[in-house]
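Student: Quick one: the structure is below, and I'll ask about it shortly.
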Ligand code: IPM
Ligand code: MN
């Protein structure tokens with residue numbers, strides 16, 4: 001298969017981890033005879049520094065012309081504590097999601113058997129956890145009208161959803177549940193929010209066409225608690241933009257490190273694949289960031305294009321690295337492996353797959 005992949009490595013550790021994902025993709029291309037073409041473009045703080053715009057026009061058009069986008073991370077501390085900053089790196093990511101119509105963000109959460117002791121939660125609680133969050137990505141409070149009065153003393157962010165916006169992601173979530181353990185949990189705040197009541201109505205209605213899927217509902221505050229008390233009860237979680245942002249970071253604790261969580265953003269056009277972690281500025285250039293979330297995002301990219309075996313090969317190589325403790329210090333404090341060494345090991349395993357399967 002021929003794929004044109006836009007590489008938006010972004011800020012902080014973004015370039016370091018993305019480089020490892022590319023290594024894995026190149027190894028896959030070699031083993032399976034695919035042709036992946038990578039083209040880089042600026043996004044985030046580095047794009048602001050170079051052009052004044054967190055999402056330069058050339059970057060957006062490259063993404064539009066590509067089959068997929070491999071995204072690193074964005075953000076820089078110089079913007080975080082400056083409420084007066086008019087241009088922010090995050091705007092680049094939000095604009096990209098909106099412009100590419102990426103209305104569904106898929107975030108798998110898994111407790112790897114080899115990492116059960118690394119989680120701050122007890123082994124018996126997290127064992128068997130394997131769920132996927134379907135987070136709405138282009139609506140809700142993130143994109144509603146924002147206001148600040150002229151005195152700068154009162155602010156508001158509008159949270160708005162239409163039936164259509166809810167239906168299109170709900171379809172994808174129901175279909176995903178069908179392929180899995182056939183359970184869908186809608187996470188909302190329907191006891192308080194009108195938008196949540198609309199979500200319940202629309203999703204309940206749609207559920208009638210997916211009778212083989214069991215639909216249940218949880219208020220987001222309860223869901224946050226249930227994810228820590230009994231995470232293995234979940235299969236597919238469907239939720240709106242901001243709740244999804246929050247509970248997916250919470251979910252990352254289960255597996256032992258946020259450095260393991262990958263994501264896919266899909267919708268109308270080219271899809272985007274990115275680790276859920278941020279730019280981790282303190283680690284930039286130190287060769288200590290965990291590249292696995294980025295590498296697993298590359299696996300999700302392959303899966304998106306129907307390359308199931310290839311995706312599985314990356315996943316198996318990652319699991320092998322975890323088993324052999326070839327991991328960065330977030331997973332094993334005394335580890336001597338850095339970002340590059342973990343990336344090399346996984347790419348090497350992928351290449352070895354070929355010699356093993358050829359025998
Ligand atoms: C994420 C991030 C983004 C979000 C930020 C960087 C805008 O936290 O992808 O989860 O809030 O969606
Ligand atoms: Mn987030």
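The values are calculated or read from the model by the stated rules, or taken from the named source; none is laboratory data. If you're wondering where the values come from, they're calculated on a predicted model, not measured in any experiment. Glycine also receives a Cβ, built like all others from the backbone with ideal geometry; neighbour counts cover every protein chain displayed.
Student: Taking residue 292 as the residue in question, decide whether it is buried (at least 21 other Cβ atoms within 10 Å of the Cβ) and more than 16 Å from ligand 2 (Cβ to nearest atom). I'd like the intermediate steps shown before the answer.
Tutor: Working: buried (at least 21 other Cβ atoms within 10 Å of the Cβ): yes; more than 16 Å from ligand 2 (Cβ to nearest atom): yes.
When the stated conditions are applied, residue 292 passes them.
Student: Among the candidates 102, 172, single out the residue that is out of contact with any helix residue (DSSP H, G or I) (no Cβ under 6 Å at 6 or more places or on another chain) and within 16 Å of ligand 2 (Cβ to nearest atom).
Tutor: Working: 172 fails: within 16 Å of ligand 2 (Cβ to nearest atom).
From the options 102, 172, the qualifying one is 102.
Student: Moving to a separate point now. Test residue 50 against the stated conditions and say whether it is under 21 Å from residue 285 (Cβ atoms) and either within 16 Å of ligand 2 (Cβ to nearest atom) or touching a residue at least 40 places away in the same chain (Cβ under 8 Å) (or both).
Tutor: Criteria not met by residue 50.
Student: Are any residues in the stretch 333-346 closer than 14 Å to residue 259 by Cβ and free of Cβ contacts under 8 Å to residues at least 60 places away in the same chain, and if so, which ones? Lay out the reasoning, then the answer.
Tutor: Taking the stretch 333-346 first, the residues closer than 14 Å to residue 259 by Cβ are 333, 335, 337-339, 342-343, 346.
Passing the criteria: 333, 335, 337, 338.
Matching residues to (1) under 19 Å from the mean Cα position of the chain (by Cα); (2) in the same structural domain as residue 60 (by TED's automatic domain parsing); (3) away from ligand 2 (no atom under 15 Å from the Cβ):
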{"residue": "192", "(1), (2), (3)": "no, no, yes"}
{"residue": "199", "(1), (2), (3)": "no, no, yes"}
{"residue": "203", "(1), (2), (3)": "no, no, yes"}
{"residue": "209", "(1), (2), (3)": "no, no, yes"}
{"residue": "234", "(1), (2), (3)": "yes, no, yes"}
{"residue": "245", "(1), (2), (3)": "yes, no, no"}
{"residue": "250", "(1), (2), (3)": "yes, no, no"}
{"residue": "276", "(1), (2), (3)": "yes, yes, no"}
{"residue": "286", "(1), (2), (3)": "no, yes, yes"}
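Student: Do the conditions hold for residue 198, that is, is it loosely packed, with under 15 Cβ neighbours inside 10 Å and more than 13 Å from residue 175 (Cα to Cα)? Talk me through it step by step, then tell me what you get.
Tutor: Details: loosely packed, with under 15 Cβ neighbours inside 10 Å: no; more than 13 Å from residue 175 (Cα to Cα): yes.
No: the conditions fail for residue 198.
Student: Hey, which of the helices (runs of 4 or more DSSP H) in the stretch 191-261, taking only ones fully inside, have at least 3 residues that are away from ligand 1 (no atom under 16 Å from the Cβ) and out of contact with any helix residue (DSSP H, G or I) (no Cβ under 6 Å at 6 or more places or on another chain)? So that I can check it myself, show each step before the final result.
Tutor: Values: elements: 194-207, 220-229, 241-255.
Of the helices (runs of 4 or more DSSP H) lying wholly inside the stretch 191-261, those with at least 3 residues that are away from ligand 1 (no atom under 16 Å from the Cβ) and out of contact with any helix residue (DSSP H, G or I) (no Cβ under 6 Å at 6 or more places or on another chain) span 194-207, 220-229.
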